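The values are calculated or read from the model by the stated rules, or taken from the named source; none is laboratory data. Small disclaimer: the values here were computed from a predicted structure and weren't measured. A quick note on method: Cβ atoms are made from the backbone with ideal geometry, for glycine too, and the neighbour counts reach across all protein chains shown. Protein only, heavy atoms only, side chains kept; ligands, DNA and RNA dropped before computing areas. Shrake-Rupley method; radii C 1.70, N 1.55, O 1.52, S 1.80 Å.
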Amino acid sequence: MLPNSIQPLPLKKINTPCFMAVHENSPILLGTVVFMAEFHECMKRTKDSCGRLVATFSNQTVLRYKTLTLKKLSDHLTKTSQGACVTEADILCIVILLFCETIAGDRPAVNAHLLGLTRIIQSYGGQQALSPIVATHIRLTTLLAAQLDQTPPILELSPAMQNRYEKVSTTPFIPENHVSQGFEIGSAFFLQPLCYALSSALQKCLRYMHQVIKRVEKYHDSARVLEGEWMDDVLTLEHTLLSLPHKAALSKLEECVRLAGLLYCNTALWKIPLYLRWVMSLVAHLKLALLSLNRREYPGLHFWMLFLGRQACTLEFWTAEIGWWNAAVGEAAVELGINSWEEACRAFQGYFYIERTHATRWRAVWADIENGTCSLDPICHPCDYR
């Protein structure tokens, strides 16, 4: 028998301190957290990663919790429109719902929640009225949602994030002794001839990305990379990459590099399972951009971007898409005279590739392309910086 109302759960089992801090004064937020808990429990119970989302969103208990949550939230927001005060608890309810719909890739629902979230933040007093931890949750969730259709972020960077970005991204690129396999990480983006083909705004993003990757890689086994600082760095990077096409027109090459940067953030900096819808959406966007690009202009960069897209493909892509990626990587390898994994690694030199964190997944991709097989586990994370 399904419950007729949302029942309390022991919240100490739910790792959501931001939501727990305000739930006592908001039964609706408590109910939304319960929906999120049931959502994640159903995700974990389904072993088949490719059928996980379908099984979760067709689960009757999840649907019941979702329906009750939406009804209670809608009724409550109707009261706020009649004079009641908007609270951070109301905002967090929408953030939770937005996150779950983003996982599913339900674009109409995502767009509706983004619109509602934008309006309710304005009613609350604007971005500056939000507490820092709530603003971080909103920024993280909305940036993930924006990647489905490459829409602009709804929040601006905080002054601290903006200042750090300007300071780091305007620092000239100077090769250092910190190298990976004898080459500076990302150096090809800042040297001739590629640097002349990229706008100054995109080069600033790439310099910031270069410093974030290098810093995390340098201190990967120590406590010097703090979780909060690391998250702010990646959120700043994704925010800037998503904002670029909405501020200035990008060339075909610049659009490919921008999408590759976003895909790298998801598959190398975040621990994101590859079957989630916004990752698959990024792969699709990157493919469309690469189709319009002359790969002979910058063959090394093109090979790296193709390989990056291929390693992000999951089982759900294999029947329709994996053949295209395998063929494209294979053709690019032939044009570059690449015949072995060692030669492929050398071709990645100067781009964003680190042997310690990428080799296992990327080597498996190369083996699949050589053998014409599809043996990759879509659940495994491409790499782990921490």
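Only residues that are open to solvent by 30 Å² or more (accessible area, probe 1.4 Å) and not in a helix (DSSP H, G or I) were counted in the range 131-157, giving 6. Checked against the criteria, A347 does not count as of a type in the set (G, A, S) and in contact with a Cys (Cβ under 7 Å, 6 or more places away or on another chain).
So that you can scan it fast, the table gives a plain yes or no per residue for (1) modelled with pLDDT of 70 or more; (2) open to solvent by less than 20 Å² (accessible area, probe 1.4 Å); (3) farther than 30 Å from T314 by Cα:
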site: H23; (1), (2), (3): no, no, yes
site: I28; (1), (2), (3): yes, no, yes
site: F35; (1), (2), (3): yes, yes, no
site: D48; (1), (2), (3): no, no, no
site: A55; (1), (2), (3): no, no, no
site: A84; (1), (2), (3): no, no, yes
site: F99; (1), (2), (3): yes, no, no
site: A104; (1), (2), (3): yes, no, no
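Could you list, in sequence order, the residues of the range 323-365 that are of a type in the set (S, T, N, Q) and more than 23 Å from the chain's Cα centre (by Cα)? Once the filter is applied, which keeps residues that are of a type in the set (S, T, N, Q) and more than 23 Å from the chain's Cα centre (by Cα), the range 323-365 yields N326, N339, S340, Q349. Scanning the range 294-353 for residues that are open to solvent by 60 Å² or more (accessible area, probe 1.4 Å) and not in a helix (DSSP H, G or I) returns N294, R296, E297, N339, Q349. Checking the range 117-130 against the condition returns a match, with at least one residue being within 21 Å of F39 (Cβ to Cβ) and either open to solvent by less than 30 Å² (accessible area, probe 1.4 Å) or free of Cβ contacts under 8 Å to residues at least 60 places away in the same chain (or both). For the range 231-288, the set of residues classified as among the basic types (K, R) and open to solvent by less than 30 Å² (accessible area, probe 1.4 Å) consists of R258 only.
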